[in-house]
Amino acid sequence: MASFNKVILVGNLTRDPQVRYTPGGSAVAELGLAVNRSWFDKNSNSRKEETTFIDVTLWGRTAEVASEYLTKGRSVLIEGRLQLDQWDDKESGQKRSKLKVVGENMTMLGGKGESGGGGGAPSGGGGGYASRGNAPSQSGGSNPADSFYDDTPGGIPDDDVPF
């Protein structure tokens with residue numbers, strides 16, 4: 001039987017990333033992500049909003065990039081998979097479980113220093129630093145900070161972008 005486990009989330013960080021290292025030297029970062037959903041409720045004739053809080057784990061170079069460049073309130077896109085953690089509660093002895101996201105790709109949204117809201121670079125390029133698995137790649141300049149201010153990724157004029 002076929003299966004597919006893919007999650008794509010865009011939200012704001014609820015806290016600064018916390019990075020630690022395994023005994024083998026691999027970086028692990030824990031993030032908290034707030035994802036908002038809004039809709040219009042016809043019954044009450046008002047706009048409703050709900051926030052879902054999601055724990056995300058990043059590994060390797062992606063974890064290091066997150067801890068270096070992300071801060072609380074920053075917008076980020078995470079692509080990954082769901083993972084169910086299960087354990088026995090030491091105090092009550094009951095079985096516990098928690099669903100979290102293991103991030104495989106991370107893209108910073110918004111410009112450097114922006115928190116929450118927006119999502120586009122200051123000049124409308126939507127830039128950011130894309131990190132794919134353990135090998136980060138940059139969308140634009142020669143260092144991650146430069147990429148936040150690129151008007152057009154890859155030097156493509158705005159008129160030639162198909163969307």
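Backbone N atoms of region 50-84 closer than 17 Å to the 7 Å Cα→Cβ label point of residue 4 belong to residues 79-82.
Across region 68-83, coupling constants 3J(HN,Hα) worked out from phi with the 6.51/-1.76/1.60 Karplus curve, θ = phi - 60°, read 7, 10, 9, 9, 3, x, 6, 7, 8, 9, 10, 10, x, 9, 7, 9 Hz, and Gly and Pro carry x. Just the protein heavy atoms count here, and of the accessible area of region 37-104 at 1.4 Å, carbon and sulfur take up 44 percent. Sparsely packed loop sites in region 39-104 (the GluC sites (Glu not before Pro) outside DSSP H, G, I, E and B with at most 13 other Cβ atoms within 10 Å) comprise 91. A 1.4 Å probe, protein heavy atoms only, puts the accessible area of residue 51 near 60 Å². Amide H contacts for residue 18 (H built 1.01 Å from N in the peptide plane; partners 5 or more residues away or on another chain; cut-off under 5 Å): 30. Residues whose amide H comes within less than 5 Å of that of residue 74, counting only those at least five positions distant or on another chain, are 13, 116 (H built at 1.01 Å from N in the peptide plane).
The values are calculated or read from the model by the stated rules, or taken from the named source; none is laboratory data. Just so we're clear, the structure is a prediction, and the values are computed from it rather than from any experiment. Ideal geometry is used to build each Cβ from the backbone, glycine not excepted, and the neighbour counts take in all protein chains shown. Areas reflect the complete protein model, heavy atoms only, side chains present, ligands, DNA and RNA absent. Shrake-Rupley method; radii C 1.70, N 1.55, O 1.52, S 1.80 Å.
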